[in-house]
Amino acid sequence: MARKIDYQRQTPNIWFPNQQEPDPKDRQAFRAYWQRERQRIRDGFYLADGEVYISGWLYWHTVYWVIELDKKQANGRSFKEKGTPVFRDIEWEVANDLLRAEREQKLYCLVGSRGFGKSNICASVTGHIYNFFTDTESVISGGFANDIKLLADKIDLGLSNCHPIWHQQRLLNNWKYEVRAGWKDSETGLNKGSNSRISVRNYEEGVNTMAANGTRPKVHIIDEIGKIPNLANCVLDTVPCWMNEDGMFSIPILAGTGGDMEKGADAAKIFRNPAVYNVLEFDDTWEGSGKIGKFVPVTKALNQYKYFMPLSEYLGIDHPDLEAVMIKVSNEAEVLEKYVAPRREKALRSTTSNEIIKEKAYYPLTPSESFLVISANDFPVEACQKHKQYLANNDIRPLRIELFQDLDGRITHKYTDHLPVTEFPVQNSTDKTGVIEIVEHPINDAPFGLYVAGVDPYKQSESDYSDSLGSVYIFKRMTDNMTETYQYMPVAWYTGRPKSIHTWYDTVRNLLKWYNAVAMVENADYGFIQYMIEKNETMYLAEGQSFLREISPTSKHKSTYGLPPTVAMINHWLNTSVIYCKEELEKERNDQGQVTRTALGLTRILDPMLLDEMTKFNKNAGNYDRIRAFGIALAYAKQLDALVPKVKITQQKEDVVKVIRSPFSMNRLPGKGTSSRSPFLGSRR
């Protein structure tokens with residue numbers, strides 16, 4: 001016997017609080033009531049004499065959708081309870097964003113703090129399309145089956161527990177592939193019903209870029225974008241599914257959460273370059289980087305710091321229609337004071353080095369923090385960020401030069417207005433030419449071993465659309481003159497990908513000759529080494545066999561010059577760089593002998609883009625050409641240290657960039673305690 005369904009509930013309605021559901025026995029009133037509700041959910045409606053539009057999805061979400069709400073018992077224990085989502089400032093913003101995305105035919109990239117309700121929003125949007133638009137497809141997708149299942153479970157929960165008037169039978173109910181609304185007519189055998197469907201697709205960690213081929217979704221959710229390597233190609237290969245002769249008919253939503261960005265290089269690239277990827281644009285009011293995707297900071301994410309106010313007050317529109325509608329709005333100052341500040345202070349005191357990174361990534365205040373990588377970055381991210389900001393705030397910049405041969409065949413220089421590559425990762429539209437940057441001129445007739453170089457070429461065969469660049473760092477070793485300002489640090493660098501690879505070869509060759517630097521070259525691509533051989537200038541190439549035997553005794557690599565990028569070599573270069581950055585150069589102590597501040601080795605790095613790569617580094621994904629070249633130079637310098645610890649020099653030269661006083665470089669101040677100095681910091685000015 002079929003179960004009798006009660007179609008009458010007293011559903012709380014925040015928009016129309018006095019509205020009552022009619023008795024199903026009054027068929028005319030019942031039909032009229034639910035037709036009006038369906039129209040509101042599909043088309044939206046206006047309040048305040050047509051001044052304020054309420055979208056159909058927002059009405060559906062705040063009246064009929066069902067999620068698991070966090071509740072607390074009298075004893076303080078938490079439990080889950082099914083219920084309608086609370087109307088918050090976030091839903092108001094998202095509802096209007098989705099309208100704008102549809103109108104402008106844009107993708108919607110939504111990234112933010114944990115706790116802002118990203119998955120519930122995506123589930124509700126999908127349920128809205130499935131339930132109220134006949135013969136329409138929605139797609140839910142991700143890079144991992146578990147992430148897709150979590151979203152699918154939320155959709156199923158909402159559809160199964162919403163008002164019974166909206167329930168639909170299902171012809172297919174396979175949450176691993178497809179859910180389709182309808183039923184089969186027992187007499188005719190034909191399918192009946194709305195034929196709306198939810199297709200489930202897996203990009204399989206970015207390998208299956210064409211996973212959504214064959215779909216034509218009205219809405220397409222790509223969830224946990226920070227976990228999907230090769231996301232950009234997944235998106236580009238899916239674009240045809242979203243298009244028709246009139247443009248983009250679909251609303252693609254790319255959603256991600258801070259702290260889940262282990263493979264988020266592509267997610268960051270899409271988020272920070274909305275014009276390139278046709279993403280809905282927002283002003284970056286947090287970091288001033290221009291246009292970005294949608295960002296929800298922790299100050300807007302946490303429900304415990306939201307308080308009810310009339311919608312009229314929130315919108316600044318005085319009208320009785322809006323007075324009755326209550327919206328929960330964030331007290332952002334309170335979040336900073338009571339949640340963010342104490343948690344970050346505690347994280348900074350933690351003995352676990354990545355605790356502060358984890359705290360910032362999970363609960364970001366800025367877009368950059370949401371893309372921090374927790375488990376795959378051993379660099380001191382917090383210190384790198386602060387030092388980079390210090391360089392910018394104090395206008396500490398290297399000089400930009402071009403090198404050329406004069407009539408006597410000597411390498412000389414001229415200053416230039418050309419700009420370095422300042423985007424990471426680079427985009428297709430980025431000018432990748434690059435320019436040489438220096439912080440000190442080379443000593444004339446510099447002795448062998450004073451300057452060494454690390455070279456990471458790019459492959460000539462790589463596509464012009466690759467984000468790989470060629471990079472070289474000139475590293476100055478220790479000298480016997482302890483008054484030298486710059487010692488054991490990079491003093492010049494060049495990173496770029498000009499239109500001709502021979503331009504890159506010429507630039508690097510001239511840089512090596514100018515500093516009389518011997519270069520250790522990553523030799524996966526032998527082009528640059530062959531170029532130097534043909535120029536009869538192998539005196540600038542380091543032989544790598546002895547070094548290779550130290551790191552990889554069983555290696556069968558036979559090339560004379562340079563080193564291969566084996567796993568062992570890559571790890572050695574990386575670990576050498578991390579140790580260099582974390583080295584404690586100087587400690588400041590108070591009068592009681594307690595350490596109050598420590599200067600880290602990364603303060604010797606004056607290249608903001610190298611610091612940027614270190615901040616965003618992820619050993620599981622991405623091209624980090626500057627880090628590779630710097631690590632090669634540093635490892636080669638350390639190899640030479642075992643033979644000649646200090647280089648004897650006789651000539652002094654003028655500094656290009658004066659000595660740096662970063663937040664990590666301590667000055668000895670009268671009455672402020674003492675500091676133990678490191679010879680690596682050079683002279684004081």
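None of the figures in this text is laboratory data; all of them are computed from the coordinates on show. Bear in mind that the values here come from a model prediction, so they are computed numbers and not experimental data. FYI the Cβ positions are ideal-geometry reconstructions off the backbone, even for glycines, and counts take in every protein chain you see.
The table below lists the values:
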item: Over the stretch 381-643, equivalent-ellipsoid semi-axes from the Cα gyration tensor in Å; result: 28, 22, 21
item: Gain upon complete extension [Glu178, Tyr46; 0.36 nm per residue less C-alpha separation]; result: 44.0 nm
item: Reachable lysines, given that their alpha-carbon falls under 17 Å from the alpha-carbon of Lys388 and they are not under 8 places away in the same chain; result: Lys582, Lys616, Lys658
item: Low-density loop positions, trypsin sites (Lys or Arg not before Pro), the stretch 400-508 - DSSP coil, at most 12 other Cβ in 10 Å; result: Arg410, Lys499
item: Whichever aspartates and glutamates have a C-alpha closer than 14 Å to that of Lys328, once near sequence neighbours (fewer than 8 apart) are set aside; result: Asp89, Glu91, Glu93, Glu313
item: Normalised contact order of the chain, rounded percent, pairs of Cα under 8 Å and 6 or more residues apart; result: 11
item: Selection from Gly226, Gln592, Pro498 lying farthest towards where the dipole of the chain points positive, charges on Cβ; result: Gln592
item: Global form of the stretch 1-100, assessed from the alpha-carbon gyration tensor, a/c cut-off 1.5; result: oblate
item: Packing-based ranking, highest mean first, of 127-136, 508-517 given that Cβ atoms within 10 Å are counted; result: 508-517, 127-136
item: Sparse-neighbour loop sites [GluC sites (Glu not before Pro); the stretch 6-113; at most 13 other C-beta within 10 Å; DSSP]; result: Glu51
item: Check: the chain dipole with +1 on Lys, Arg Cβ and -1 on Asp, Glu Cβ, in debye; result: 1640
item: Residues in the stretch 572-616 that a label on Ala392 would reach, taking backbone N under 15 Å of a point 7 Å out along Cα→Cβ; result: 607-616
item: Flagged links, alpha-carbon separation over 29 Å, of Lys154/Lys184; Lys346/Lys476; Lys263/Lys513; Lys291/Lys346; result: Lys346/Lys476; Lys263/Lys513; Lys291/Lys346
item: Theoretical gain in end-to-end length, Arg100 to Thr188 [0.36 nm per residue, Cα-Cα removed]; result: 27.3 nm
item: Residues whose placed amide H lies under 5 Å from that of Gln487, excluding near-sequence neighbours; result: none
item: Within straight-line cross-link reach of Lys648, aspartates and glutamates at Cα separation under 19 Å, skipping those fewer than 8 residues along the same chain; result: Glu440, Asp445, Asp480, Glu484
item: Among (1) 11, 18, 21, 30, 16, 4, 0; (2) 16, 41, 28, 13, 2, 0; (3) 16, 48, 31, 5, 0, the entry that matches P(r) over Cα pairs in 20 Å bins from 0, in percent as calculated here; result: (2)
item: Among the listed pairs Lys106/Lys360; Lys82/Lys106; Lys360/Lys619, those beyond 23 Å (Cα-Cα); result: Lys106/Lys360; Lys82/Lys106
item: The stretch 27-337 - charge dipole about Cα centre, Lys and Arg +1 at Cβ, Asp and Glu -1, debye rounded to 20; result: 1120
item: Dipole in debye (nearest 20) - the stretch 381-643, about Cα centre, beta carbon charges: Lys, Arg +1; Asp, Glu -1; result: 460
item: Over the chain: helical MRE at 222 nm, DSSP H runs n ≥ 4 each giving -39500 (n - 2.57), nearest 500; result: -9000 deg cm²/dmol
